[in-house]
Amino acid sequence: MPRQKRVAAIHDISCFGKCSLTVALPIISSAGIETSVIPTAVLSTHTGGFTGYTYCDLTSDILPIVSHWQTLNLKFDAVYTGFLGSFEQIDIVSEIFDRLKTDDNLIVVDPVMADNGKLYALFGDDFPQGMKKLCAKADIIVPNVTEACLLLEKPYKPGPYEVPYIEDILRALAALGPKQVILTGISFDDTQLGAASLDTTSGKIDYALSQRIEGLYHGTGDVFASTLVAGLLTGHDLSRSVQIAVDFTVKSIIRTKEAGTDIRYGVNFEAGLGELAGQLNR
Ligand code: PXL
């Protein structure tokens, strides 16, 4: 039996409305990977389309959790961060990267802050600059096109895109520091949607496209990034991991659309976990 891989997932817990830790934990665990968590906040629901949600900030717990882990000499094959609630949390997570980085582990940053051309209401206009610093320390970043434009201080434009536009963005993001860049939400026509990836070691750019399903289903970015982490840690290369993550996310959206579920509630990824586990560990 090979050594079991271990991930530290640093996100909020949204108690209802599947996203962040309630997505990362089941998806990464289902691949056979041990998933340790650092909850950054506990909310009654996520913030996308709900009002009146509770928000319990856990900022002051984050570093003490890591300090305790360090007394246990715990090592992680990946440190994976997503939604962070404040500048202070960005600085703390940056310190965690310094503390938990090893010669061969992966620091994965999903700079969750915006979608469809708009910064989430919770964040001030200077938040993307904080995320930019965190992305510079990452091995892998997973922005959508809106987040990429904010990181690069470029005006957002909706798709479909031209290939050179997407490839310029990938290279500009790589220039911030990460070795691998995955850009989500890209399209070259009205029928397909997917992700592009750049591996700076080989200079190779790949595309993983699938059918476009209408509707803005919440939490799909987290489903995608969690599946990507699971793919990479089960030994698949970047382009294969991106394709697996695109396919898993699209199937989850289709199931949810067919069921007529409220788009805020998150997607039915659970029904695909068995198949995903088999595919990743074949
Ligand atoms: O899925 C991203 C996400 C995670 N966590 C919280 C959010 C969002 C997006 O809106 O509000 C709390």
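Do you know which of the residues in region 65-94 that are within 16 Å of the ligand (Cβ to nearest atom) and of a type in the set (S, T, N, Q) is farthest from N105 (Cα to Cα)? Result: S86. Residues that are within 18 Å of the chain's Cα centre (by Cα) and at pLDDT 95 or above: does region 95-102 have at least one? Yes, some residue in region 95-102 is within 18 Å of the chain's Cα centre (by Cα) and at pLDDT 95 or above. L134: buried (at least 16 other Cβ atoms within 10 Å of the Cβ), out of contact with any strand residue (DSSP E or B) (no Cβ under 6 Å at 6 or more places or on another chain) and more than 24 Å from Q4 (Cβ to Cβ), yes or no? No, not satisfied. Please tell me if V250 is closer than 27 Å to G17 by Cα, more than 15 Å from the ligand (Cβ to nearest atom) and in contact with a Ser or Thr (Cβ under 7 Å, 6 or more places away or on another chain). Answer is yes for this residue. Note on region 95-131: residues that are on the phi > 0 side of the Ramachandran plot and either open to solvent by 50 Å² or more (accessible area, probe 1.4 Å) or not in a loop (DSSP other than H, G, I, E, B) (or both) amount to 1. May I ask you to list the residues in region 23-39 that are touching a residue at least 60 places away in the same chain (Cβ under 8 Å) and either out of contact with any helix residue (DSSP H, G or I) (no Cβ under 6 Å at 6 or more places or on another chain) or of a type in the set (D, E) (or both)? Residues satisfying the conditions are P26, G32.
Filtering region 170-209 to residues that are polar (S, T, N, Q) and more than 30 Å from C15 (Cα to Cα) leaves Q180, S187, T191, Q192, S197, T200, T201, S202.
Annotation: of all residues in region 77-93 being open to solvent by 10 Å² or more (accessible area, probe 1.4 Å) and assigned to a loop (DSSP other than H, G, I, E, B), the one that is farthest from Y55 (Cα to Cα) is D77.
The values are calculated or read from the model by the stated rules, or taken from the named source; none is laboratory data. Everything quoted here is computed from the prediction, not taken from an experiment. Methodologically, a virtual Cβ is constructed for each residue, glycine included, from the backbone with ideal geometry; neighbour enumeration extends over all protein chains shown. Note: accessible area is taken over every heavy atom of the protein model, side chains too, but ligands, DNA and RNA are not part of it. Shrake-Rupley method; radii C 1.70, N 1.55, O 1.52, S 1.80 Å.
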